[in-house]
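I have placed the structure first, in the form of structure tokens, so that the comments after it can refer back to it.
The values are calculated or read from the model by the stated rules, or taken from the named source; none is laboratory data. Source: prediction; values computed, not measured. Cβ placement follows ideal geometry from the backbone for every residue including glycine, while neighbour counts extend to all protein chains displayed.
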Amino acid sequence: MPAKSTAVLACADVQQTVDFYTRMLGFKQHWLWEDPPTFGCVGFEGAEIFLCLQPELAAKVEGHMHYFDVQDDVAALYERHRSAGASIISSLENKPWGVREYTVRDCNGYHIRFAGPQAYERPKSATQSLPPHVRLDVRMPTIAEYIDLFASVGWARHVPSMEQALRNTLVGVVAVDTRDGDKAIGMARCTGDGKYYMFWDVIVRPSHQGQKIGAAMVETALAEVRKTGAPDGAFVGLFTAKPGFYERLGFKMDFGMHRAL
């Protein structure tokens, strides 16, 4: 059976807390119980929190946390809260656990965390152009290269399905390091049926990231897809945890991400 969970936050003053969430953070008041209120509910983007009059408990909640997964632009929400004068405990930044997040202190001392998709941040070590020792080969990776590249970024390997994936790939691109015996340091592959295309397994070894290799592989693969006869405006999609990187390459956020050729 489907379940639903709603946090109940202790408050020193329910009305004051409702005013804080609606005026400062942009929540909507859903309902209040009794006058003056001893219980209430505010909501944000389909999520709700209950507010309960418990002043003794509220005096002890400093630093307790609650988390909101933001579906819209988390950067715009951050600017709204900052401009409204909210107490920002930690500024908006990409976190190691894969989200872009910031924290606001509410009027009772709770630390309210708002998080959305990570934004692409160009590494400080990033180069302006593809290094001369990196060559892009338009080909499928060997199964050994495929497995090794997966392992380099910590992805799970299942050899039978990986072999089938290579057989069903329309275009493959492999980046090699010519200083190291043409060792594969990256790959990208694209499938398609003449109208709809999808990118899969765009990988760059961590030791070689930030050197334009990923972007160059994607653009090379797109050029090869055009050579297969893909029409102008054909759908090209992908799924990613790093949408900011692909937005720089012309993809748009939707169901996954996509761009037109």
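Kindly list, by first and then second residue, each pair from a residue in segment 133-150 that is aromatic (Phe, Trp, Tyr) to a residue that is exposed (fewer than 14 other Cβ atoms within 10 Å of the Cβ), limited to pairs with Cβ atoms under 8 Å and residues at least 6 apart or on different chains.
Qualifying pairs under 8 Å: 150/156; 150/157.
Among the residues in segment 177-196, are any of a type in the set (A, V, I, L, M, F, W, C), part of a strand (DSSP E or B) and under 17 Å from the mean Cα position of the chain (by Cα)?
Step one: of segment 177-196, the residues of a type in the set (A, V, I, L, M, F, W, C) are 184-185, 187-188, 190.
Checking which are part of a strand (DSSP E or B) leaves us with 184-185, 187-188, 190.
Right, trim to under 17 Å from the mean Cα position of the chain (by Cα) and you get none.
No - not one qualifying residue is present in segment 177-196.
Just one of 78, 67 is of a type in the set (Ser, Thr, Tyr), out of contact with any helix residue (DSSP H, G or I) (no Cβ under 9 Å at 6 or more places or on another chain) and surrounded by fewer than 16 Cβ atoms within 10 Å (Cβ to Cβ); which is it? If you could, list the steps in order and put the result at the bottom.
Details: 78 fails: surrounded by fewer than 16 Cβ atoms within 10 Å (Cβ to Cβ).
After applying the criteria, what remains is 67.
If you take the residues in segment 138-152 that are in a helix (DSSP H, G or I) and more than 28 Å from the chain's Cα centre (by Cα), which one is surrounded by the fewest Cβ atoms within 10 Å (Cβ to Cβ)? Let's see the steps before the verdict.
Taking segment 138-152 first, the residues in a helix (DSSP H, G or I) are 143-152.
Filter once more, keeping what is more than 28 Å from the chain's Cα centre (by Cα): 143-144.
Working: 143: 13, 144: 9.
Restricting to residues being in a helix (DSSP H, G or I) and more than 28 Å from the chain's Cα centre (by Cα), the top hit is 144.
Answer yes or no as to whether residue 135 is surrounded by 12 or more Cβ atoms within 10 Å (Cβ to Cβ), touching a helix residue (DSSP H, G or I) at 6+ places or on another chain (Cβ under 6 Å), modelled with pLDDT of 95 or more and part of a strand (DSSP E or B).
Values: surrounded by 12 or more Cβ atoms within 10 Å (Cβ to Cβ): yes; touching a helix residue (DSSP H, G or I) at 6+ places or on another chain (Cβ under 6 Å): yes; modelled with pLDDT of 95 or more: yes; part of a strand (DSSP E or B): yes.
Against the criterion (surrounded by 12 or more Cβ atoms within 10 Å (Cβ to Cβ), touching a helix residue (DSSP H, G or I) at 6+ places or on another chain (Cβ under 6 Å), modelled with pLDDT of 95 or more and part of a strand (DSSP E or B)), residue 135 qualifies.
Can you find, within segment 46-59, the residue that is surrounded by the most Cβ atoms within 10 Å (Cβ to Cβ) among those that are part of a strand (DSSP E or B) and within 35 Å of the chain's Cα centre (by Cα)?
Step one: filter segment 46-59 for residues part of a strand (DSSP E or B), giving 47-53.
Those still in the list that are within 35 Å of the chain's Cα centre (by Cα) too: 47-52.
Values: 47: 16, 48: 15, 49: 22, 50: 17, 51: 29, 52: 17.
That would be 51.
Is it the case that residue 217 is hydrophobic (A, V, I, L, M, F, W, C), without any contact (Cβ under 8 Å) to a residue 40 or more places away in the chain and assigned to a helix (DSSP H, G or I)? Spell out how you get there, then give the answer.
On the way: hydrophobic (A, V, I, L, M, F, W, C): yes; without any contact (Cβ under 8 Å) to a residue 40 or more places away in the chain: no; assigned to a helix (DSSP H, G or I): yes.
No; evaluated as a whole, the condition is false for this residue.
What are the residue pairs meeting all of these: first residue in segment 3-16, first residue more than 14 Å from residue 112 (Cα to Cα), second residue part of a loop (DSSP other than H, G, I, E, B) and among the small types (Gly, Ala, Ser), Cβ atoms under 8 Å, and 6 or more apart or on different chains?
Every condition considered, the pairs that remain are 12/59.
If I filter segment 156-177 for residues that are hydroxyl-bearing (Ser, Thr, Tyr) and within 24 Å of residue 133 (Cβ to Cβ), do I get at least one hit? Break it down into steps so the answer makes sense when it comes.
Residues of segment 156-177 hydroxyl-bearing (Ser, Thr, Tyr): 161, 169.
Subset that is within 24 Å of residue 133 (Cβ to Cβ): none.
No, that holds for no residue.
Quick test for you: out of 89, 112, pick the one residue that is touching a His at 6+ places or on another chain (Cβ under 6 Å) and either surrounded by 18 or more Cβ atoms within 10 Å (Cβ to Cβ) or assigned to a helix (DSSP H, G or I) (or both).
Details: 89 fails: either surrounded by 18 or more Cβ atoms within 10 Å (Cβ to Cβ) or assigned to a helix (DSSP H, G or I) (or both).
Answer to the selection: 112.
Could you go through segment 242-253 and let me know if any residue there is without any contact (Cβ under 8 Å) to a residue 40 or more places away in the chain, in a loop (DSSP other than H, G, I, E, B), at negative phi and among the aliphatic types (A, V, I, L, M).
yes
Quick check on my filter: what residues within segment 1-45 are assigned to a loop (DSSP other than H, G, I, E, B), in contact with a strand residue (DSSP E or B) (Cβ under 9 Å, 6 or more places away or on another chain) and of a type in the set (Gly, Ala, Ser)?
Of everything in segment 1-45, those that are assigned to a loop (DSSP other than H, G, I, E, B), in contact with a strand residue (DSSP E or B) (Cβ under 9 Å, 6 or more places away or on another chain) and of a type in the set (Gly, Ala, Ser) turn out to be 12, 26.
What residue, of 93, 121, is modelled with pLDDT under 95, in contact with a helix residue (DSSP H, G or I) (Cβ under 9 Å, 6 or more places away or on another chain) and closer than 30 Å to residue 209 by Cβ? Spell out the reasoning first.
On the way: 93 fails: in contact with a helix residue (DSSP H, G or I) (Cβ under 9 Å, 6 or more places away or on another chain).
Answer to the selection: 121.
Please specify each residue of segment 153-210 satisfying the condition of being of a type in the set (S, T, N, Q) and surrounded by 12 or more Cβ atoms within 10 Å (Cβ to Cβ). Explain how you work it out, then say what you get.
Narrowing segment 153-210 to residues of a type in the set (S, T, N, Q): 161, 164, 168-169, 178, 191, 207, 209.
If the condition is that a residue be of a type in the set (S, T, N, Q) and surrounded by 12 or more Cβ atoms within 10 Å (Cβ to Cβ), then 169, 178, 191, 209 are the ones that fit.
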